[in-house]
Amino acid sequence: MKVAILTSSRADFGIYESLIDELIIEDTIELDIIAFGTHLSKFHGYTLDSIKNKYKVKIHQISSLIVDDNEVSIASAYGLTVLKFADFWNLNTYDLVFCLGDRYEMSAAVQAGIPFGIKFSHIHGGETTLGATDNIYRHQISLAAKIHFTSTNKFKSRVADLIESDQHIFNVGSLSISNIKDFIPIKKEEFLLKFKIVNKPYCLITFHPETNAFEENRVFAIEMKRALEQLSKQINLVITMPNADTMGSVYREQLLLLKEGKEEKVFLIENFGKENYFSAMYYSKFLLGNTSSGIIEAASFKKYVVNVGRRQEGRAQSKNIVNTSFKCAEILKAMNRCIKFGEYKGGNIYFKEHTAKKIVKVIKKEI
């Protein structure tokens, strides 16, 4: 069986890793990795190198990203990705191609495959993020896929409604935390030294633009910076930089301004990679931002999360989430609540054991 993985960013690749590990050990499966999007961008850390360093399988490289992040550039990058993948699907065939999540470039790669009859398997379909156009892209991908792996029963039902069928949909839990019980963090001293982070308590932070609120992002980014300036007086800040989304550069600009004069308090990280990011989460006091990892993964690390704005609105949440608006005072109020809470004692609604193994078992039966 010839299988491919579509990966367009550091974020989805980190989620895929446990699945890739399972696919590689299967004698009956020949695996290719198709890398595109920010993986090939030096501006975003050229994460293609980390894929090459970890996996010795065939890796296809498709360059289609446009550096600017305005509406015209995003639409143009979408079209360019479709064109590049039209050529690719014309020359390459697979029994199954995995696609994940809701990125615009992932949607473009999948849409290009429809005329070629590519059999796609979508991971993390049925979810809702009302504050991002990703919602549209996610549903587009689901409509093009033949096999679906969802993270909760609620999302399984939503996919069934969307595709008007309850066949070939499997609730397996979140792939990103498939082997979380076996996770061992990098030794703290080694981790801090690697990323030149001062050995003091810190908050782990990730902010992305709300792509359904184009002009408001300038206000949101300023409010974010104001809140982080106040927070840095209480605790150090370890911040992962935004992905290539519409208006992502606005947040980058504010984060770079935030760091000025705070080299011992604010640490900006372009790309952690999954193991390092999970270690960062493990050693943090709590999380702050508007990223899906706060919603899906943080509960498994016993961390509370301040979830800001509407980007993740609509996703099912465990009881470790404190929701707040994009206003400095409200962010600080929510942050102080998280500090007082300490360690989260509840469960994670996204966790099921051996998710990657279950996916491989299903595709061996289905294909």
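Taken together, the values in this text are just the output of simple stated rules run on the coordinates, not laboratory data. A quick note: this is a predicted structure, and the numbers were derived from the prediction, not measured. Note that each Cβ is placed from the backbone with ideal geometry, even for glycine, and that neighbours are counted across all protein chains shown.
Descriptive notes on the structure:
- Restraint check, 54/340; 181/285; 303/365; 265/319, Cα-Cα greater than 31 Å: 54/340; 303/365
- Size of the chain from its Cα atoms: along the principal axes, largest to smallest, the extents are 55, 43, 40 Å.
- The GluC sites (Glu not before Pro) found in the stretch 139-227 that occupy coil by DSSP, while having at most 14 further C-beta atoms within 10 Å, are 164, 215.
- Tilt relative to the chain, helix 248-259 - C-alpha long axis, 0 to 90 degrees, to 10: 30 degrees
- Cross-link reach list, aspartates and glutamates versus residue 361, counting only Cα pairs under 18 Å and skipping chain neighbours closer than eight places: 17, 21, 22, 26, 27, 30, 95, 353
- Derived scalar couplings between HN and Hα for the stretch 298-308 equal 4, 4, 6, 9, 6, 10, 7, 9, 8, 9, 9 Hz in order, rounded to whole Hz, by the Karplus curve 6.51 cos²θ - 1.76 cosθ + 1.60 (θ = phi - 60°), x for Gly and Pro.
- Here the simple spin-label model places points 7 Å from the Cα toward Cβ, and for residue 325 and residue 54 these points are separated by 3.9 nm.
- In plain terms, the residue of 203, 338, 99, 328 with the fewest other Cβ atoms within 10 Å comes first and the most crowded comes last, giving 328, 338, 203, 99.
- When the chymotrypsin sites (Phe, Trp or Tyr not before Pro) in the stretch 90-180 are filtered for DSSP coil states and for at most 14 other beta-carbon atoms within 10 Å of their beta-carbon, no site remains.
- Computed FRET value (nearest 0.05) for residue 302 with residue 61, which takes r as the C-beta separation and R₀ as 51 Å: 0.85
- Principal-axis tilt of helix 274-283 within the chain, Cα atoms, nearest 10 degrees: 30 degrees
- Relative contact order, percent, the stretch 1-124 [alpha-carbon distance under 8 Å, six or more residues apart]: 27 percent
- Long-range HN-HN contacts of residue 265 with modeled amide H, under 5 Å: none
- Of the residues 322, 224, 197, the one whose Cα sits farthest towards the positive end of the charge dipole of the stretch 182-341 is 322 (charges of +1 on Lys and Arg Cβ, -1 on Asp and Glu Cβ, taken about the Cα centre).
- Cα-based convex hull volume of the stretch 182-341 per residue, rounded to whole Å³: 105 Å³
- Contact order relative to length of the chain, as percent, for alpha carbon pairs under 8 angstrom and 6 or more apart: 16 percent
- Degrees separating the helix 328-341 axis from the principal Cα axis of the chain, which is the longest one: 90 degrees
- Stretched out straight at 0.36 nm per residue, the stretch from residue 162 to residue 230 would grow longer than its current Cα-Cα span by 20.1 nm.
- Computed extension length for residue 200-residue 364: 54.3 nm, one decimal, from 0.36 nm per residue of separation with the Cα-Cα distance subtracted.
- Calculated mean residue ellipticity at 222 nm for the chain: -12500 deg cm²/dmol, from DSSP H runs with n ≥ 4 weighted as -39500 (n - 2.57), summed, divided by the residue count and rounded to 500.
- Sparsely packed trypsin sites (Lys or Arg not before Pro) within the stretch 164-273, loop by DSSP, other Cβ within 10 Å at most 12: 187, 196, 233
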